[in-house]
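Undergrad: First the structure, then my questions, so here it is.
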Amino acid sequence: MNSGPTRRTHKIDAFLLPLSLLIEIVLVILWACWVGRAYLVLDPTRWPSGGEFALTVQTHFNWINFKTCGPCMFWNGFSRGGAPAFAELQGSFLHPVVAVPTLLLGVVDGAKIALLLSLIMAGLAQWWLAKTIGAGRWSRLFTAATAVIGGHLAGKMQLGAVGLVISTAACSLVLAPALELALHQRWRSASWLGIALGLTVLAGQGYLQIGMLLCYVPAFLICLARREWWRQHLWRKFAAAGGIAVLVAAVLLVPLLHFGGNISKQLDFSFGSAQSLQYQPLNLVIHDYGFYLNTSLEKLSLPNLNINYIGWLPVLLAIVGTFLAPREKRRIVLFFVSAIGLTWLASSGWLFRFLVLLFPVLAGVRFPSFIAGLVIPPLLGLAALGSEAVLQFLRSQVSPWSLPRIWRLLAQFVIWLPVLVLMFFSLQDGYDFSESFWQTEPESPALQSAALALKTKTSEWVDFIDPNLNFMIPAAENGLKLSSAFRTWNWKDVTLPPAQLVASADPVAEDNPALSLRLPPYAILAYPQNEYATVTTAGTVNKCEAQAVGGNIDVVCAAASAGLLTVQENSGQGWTVTVDGQAAELVSGNQWLQVVAPAGAHTYRFRYRPWDVPLGIGLSLLGLVLAGVVASKKEKNMTDRQFPVK
């Protein structure tokens, strides 16, 4: 007799469950948009705040070159003699959250949307993780909302480090599919894990990716791997995920492997920038911004290194989750706790001081404190378990009551209300702390004026001498090529091209004989002898007219006799040249592009068209196809989708 109502109830539940999950996702997205609402104002003259914002988005201008001349984007000719654009250690320009907004909106507004998407990504990653481990609605929403306002993201914008925000959010997105694959053994989870790992590699910087490799991966293998994985062939699905990840990231990995031996980076074998291990947990609960500006508790006065504030309630709930989570989830708890511990060992420099003895290349991780942000996702995972334990205990106090369902639900909500109120105030506290980091500031008119003053008729190298790195954006917008612009890595054994015009903020420049113009606070210095392209003949140097956009360089020269054309752009594999449309041979063995120049007027076209980028793009597309194939693969002999984790 009850079969009809029961079926109707199941149908209603089957409809309401996906709808309620969709509502939760929408709420997380709306919360992230509210936190980052300053970035919804699309105005290229207002930049996200942070002193190194311009530095971190410099590589995004490669997409502007793509819109101008397609494959010319393969060469980054904006600074320091140029370099292969896709062999990039710092920038996140290959990640979709950067590429798509930049193509649609430009570099500055595209970066705003990329940051907003990163907030959404971090929130949804935490929500997905909470759902994967069986947390309820309120626990999912609370931990997801906390992740959005967490100091592990906001603190990076004190520096304006767009790439670090994207990398942190991307790493957060790996945990849920990894746990889903371990728990449910689905091919679909393997596909998502592979995509998440590949996109994490494309997110740039390297700090967070190395931290994830050294902290999350060992904790996962030690705490969750089982011998049954081999018997049930689960290893094949993890191998598929790894293969997809490598292929998706191939657009970066192939050029990086090709040119990696030519890259040099500053090293620090002592990791002296790291805060001591015993003090790092305090950064989760210290609300005072002034604290991060001083050197107390053995830290540098660099807030972006140490801000990881989330507040007391998530920390207390994480402690509750550690001890009161259900027995069947103890391996998940152990994984979270191990990941947190290993992350703090890494971010304090302790782990790196040991590993650098075996792998000296790790000395390039000069600021391991950035890795500390990886503590937040597993800690909030524990907080979700703790929150669920508290709410379930309170619910158990109501369950024995003999009340109609609607009244029992109302009583449950009333008894939950104190906990929900605490969650609200915790979110308000975290929001108040992080809000100031998600703001914009106006572009300096002086920078734009100086950039215009440095424009030359052809593509000569110019330079800014200014500790304020924001000049990089107006310089790139005006097509300038910066001789010595700061970069966190460099090419080995190369010299910087000499600049023809220099905008110097150094007061001493006012007395320089090369002074040609005053644009306070800049003095414009002129060195007309520093040409970009010249033909050297017997005893004479002839200036050439050159136009360079990325890997497209067009030069027009006229010389009375044959000589050697030199273009002050770094040479290397991938460059070709034609003279009046006929293929010619580049002169090897020199840092700069050189070709034999016949007498008379001729047009030279230099093109950078490497083999590694098309190969990487092809492999990345193959990775996406493989991900689709793996996701659609049917499960076999899976009577119980829930893998035991006791």
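All of the numbers you see were taken from the coordinates with simple rules; none came from a lab. Computed from a predicted structure; not experimentally measured. Note that we place each Cβ from the backbone using ideal geometry, even for glycine, and neighbour counts take in every protein chain shown.
Undergrad: Roughly how many debye, to the nearest 20, is the charge dipole of the chain about its Cα centre, given +1 on each Lys and Arg Cβ, -1 on each Asp and Glu Cβ, and no other charges?
TA: The calculated dipole for the chain is roughly 3340 debye.
Undergrad: Of all the C-alpha pairs in the chain, what % are more than 31 Å from each other?
TA: For the chain, the fraction of Cα-Cα distances above 31 Å is 57 percent.
Undergrad: How long is the gain from ILE617 to LEU89 if the chain were fully straight, where each residue apart is worth 0.36 nm and the alpha carbon distance is subtracted?
TA: Stretched out fully, the ILE617 to LEU89 stretch lengthens by 188.3 nm.
Undergrad: Return the distance in nm (one decimal) between the two label points of a simple spin-label model at HIS184 and LYS67, each offset 7 Å from Cα along Cα→Cβ.
TA: Taking the simple label geometry, HIS184 and LYS67 are separated by 3.9 nm.
Undergrad: Would you list, by chain and number, the lysines whose Cα falls below 23 Å from the Cα of LYS634, excluding same-chain residues fewer than 8 positions away?
TA: Here the lysines satisfying the reach criterion relative to LYS634 are LYS237.
Undergrad: So what are the ³J(HN,Hα) numbers for region 504-521, from phi and the Karplus equation (6.51, -1.76, 1.60; θ = phi - 60°), rounded to whole Hz, Gly and Pro as x?
TA: For region 504-521, the Karplus-derived couplings read 10, 8, 6, x, 4, 4, 4, 9, 6, x, 7, 4, 10, 7, 10, 9, x, x Hz, x marking Gly and Pro.
Undergrad: Another question, if that's okay. Could you give the angle, 0 to 90 degrees to the nearest 10, between helix 612-631's Cα long axis and the longest principal axis of the Cα atoms of the chain?
TA: Orientation of helix 612-631: about 20 degrees from the principal axis.
Undergrad: Hey, another quick one. Which length gain, in nm to one decimal place, applies between LEU17 and LEU519 when the Cα-Cα distance is subtracted from 0.36 nm times their residue separation?
TA: 174.4 nm
Undergrad: Further question on the same structure: Give the lysines whose C-alpha is closer than 19 Å to that of LYS112, dropping any in the same chain fewer than 8 places away, or say none.
TA: Candidates past the 8-residue exclusion: LYS156.
Undergrad: ASN76's amide H: which non-local residues (gap 5+, or another chain) put their own amide H closer than 5 Å, with H modeled 1.01 Å from N in plane and none for Pro or chain starts?
TA: Here the answer is ALA83, ALA85, since their amide H atoms fall under 5 Å of that of ASN76.
Undergrad: Same structure again: Report, by chain and number, residues whose modeled amide H sits under 5 Å from the one on SER483, excluding near sequence neighbours (fewer than 5 apart, same chain).
TA: ARG80, VAL462, ASP463, PHE464
Undergrad: Using only Cα atoms, tell me the angle between helix 312-324 and the longest principal axis of the chain; keep it within 0 to 90° and round to the nearest 10.
TA: The angle comes out near 50 degrees.
Undergrad: On C-alpha positions alone, give me the angle between the axis of helix 234-248 and the longest principal axis of the chain, in degrees, nearest 10.
TA: Value to nearest ten degrees: 30.
Undergrad: Oh, and also: Which are the unpartnered cysteines of the chain, meaning those with no other cysteine Cβ under 4.7 Å from their Cβ?
TA: Isolated Cys, the chain: CYS33, CYS171, CYS215, CYS223.
Undergrad: Straight-line reach from LYS455: which aspartates and glutamates fall under 16 Å, measuring Cα to Cα and dropping same-chain residues less than 8 apart?
TA: ASP463, GLU477, GLU531, GLU545
Undergrad: What translational diffusion coefficient, to the nearest whole µm²/s, does region 114-183 have by Stokes-Einstein, given a Kirkwood radius computed over alpha-carbon pairs, a temperature of 4 °C and 1.567 mPa s viscosity?
TA: Translational D for this selection: 107 µm²/s.
Undergrad: In the chain, if the dipole is taken from +1 on Lys/Arg beta carbons and -1 on Asp/Glu beta carbons about the Cα centre, which of SER426, GLY134, GLY243 is farthest to the positive end?
TA: So the residue furthest toward the plus end is GLY134.
Undergrad: Taking the square root of 5 times each eigenvalue of the Cα gyration tensor, what semi-axes in Å does the equivalent ellipsoid of region 533-608 have, largest first?
TA: 18, 13, 11
Undergrad: Arranged from highest to lowest average of other beta-carbon atoms within 10 Å per residue, in what order do the peptides 204-210, 317-323 appear?
TA: 204-210, 317-323
Undergrad: Kindly put ARG609, ARG186 in sequence by how many other C-beta atoms sit within 10 Å of each C-beta, fewest to most.
TA: Listing ARG609, ARG186 from fewest to most nearby Cβ atoms yields ARG609, ARG186.
Undergrad: Determine the calculated [θ] at 222 nm for the chain from helices alone, applying -39500 (n - 2.57) to every DSSP H run no shorter than 4 residues and normalising by the residue count; nearest 500 deg cm²/dmol.
TA: Result for the chain, helices only: -15500 deg cm²/dmol.
Undergrad: Sort VAL41, VAL315 so the one with the fewest other Cβ atoms within 10 Å of its own Cβ comes first.
TA: VAL41, VAL315
Undergrad: Could you tell me what fraction of 2.2 N^0.38 Å the Cα radius of gyration of region 83-222 comes to, as a two-decimal ratio?
TA: Normalised Cα radius of gyration, region 83-222: 1.06.
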